[in-house]
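First up is the structure itself, then whatever we jot down about it.
Taken together, the values in this text are just the output of simple stated rules run on the coordinates, not laboratory data. As the structure is a prediction and not an experimental result, all values here were calculated from the model. Every residue, glycine among them, receives a Cβ derived from its backbone with ideal geometry; neighbour counts consider all protein chains shown.
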Amino acid sequence: MVQLTRRVVLGAAGAFAIAPLAEAQAFPSKPSRFLVPYPVGGIVDIVTRSLADPMQADLGQPVVVEPKPGGNSTLATAMIPQAPADGYTWLMATISHVVVPHLQTVPYDALADFQPVALVAVATSVATVNPSLPVKTLKELVEYGKANPGKLNYLNPGNGSSIHLSAELLKNQYKFDMISVPYRGIPPGMTDLLEGRLQVGLLPGPLAIQHVQSGKLRALAVLADKRLTTLPDVPTFAEAGFGDAQVMSWYVISVRSGTPAAIVERLHGSAMKALQSAETRDRLGKAGCEVPPPRSPADIMAMWKADYARYGKLVKDAGIKGDS
């Protein structure tokens, strides 16, 4: 029987400990894939490319953006647990990451199988109404819904979307009636909203601003931490007294769980550096997004867990079903 000396055992243990460190120090040594769970040209794709370009320059290796829409965001998401835990396959996770598992069966654990890297953007939305509706504030909208059950409706661009969740959370928190009218995305519902067949639309910032400034829609409140410079007279949800009904639509760069901490930290630092660029911030702003205060990967995971529980309860309480 071979006798292993303490020196041999300790030497082997040291070699195993050094290997991940050496791998992290050499990172990256090849191109990275950046998976997008939504189509080319959409907000998620724009946010992803806004980060991919400066991170590629910082890391010194290509970052290849790969849109993989399908399965209500699950097609791209499911590819992360199947990839090596080496930091070369990234996902731009959105709020759907913690909502979709409550709507349908998914082939992964949204928390255990993923490692958040960096919170890079939050989307700004505006609560708008058709001007024919006799309300000018969120408070008046709630009062109108209570006084006119069955007469108030809103544009739902997809079950489980941040807009859908925002509307249902507002309804549930303040106990008024507002009917969901489902569409496949926002564009198909805009004609109905602008022509008055729909009354309410929670819309992405740039789209809302365009129609509010033209007088075709009226803005009630902004889903953001601060007022928009382009709509300075429109209060935030919190200022209007509805801060507990806010849904933060976030964008988080993620990798597979088990990725070495040094690699996660390298990617986190690269993303934070990218967000300091005026060009990156300008691109995100044009997409209707803001750059949030920095959060560590551990803080982001805590946010994920809280949102997973919060929206799971909302889906159950509101009886929200997945898109067919």
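Overview of values
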item	result
Flagged links, alpha-carbon separation over 31 Å, of Lys151/Lys216; Lys146/Lys316; Lys216/Lys316	Lys216/Lys316
Approximate shape of region 202-324 as ellipsoid semi-axes (Cα gyration tensor, √5λ), whole Å, largest first	29, 22, 13
Largest-first principal axis extents of the Cα set of region 125-223 (Å)	30, 28, 23
Residues whose placed amide H lies under 5 Å from that of Ile179, excluding near-sequence neighbours	Leu152, Asn153, Tyr154
Considering only region 125-223, percent of DSSP beta bridges that pair antiparallel, nearest 5	65
Check: region 125-223 dipole with +1 on Lys, Arg Cβ and -1 on Asp, Glu Cβ, in debye	100
Residues Arg184, Arg283, sorted so that the one with the fewest Cβ neighbours within 10 Å comes first	Arg184, Arg283
Within straight-line cross-link reach of Lys175, aspartates and glutamates at Cα separation under 16 Å, skipping those fewer than 8 residues along the same chain	Glu140, Glu143, Asp244, Asp317
Fraction of beta bridges assigned by DSSP in the chain that are antiparallel (%, nearest 5)	65
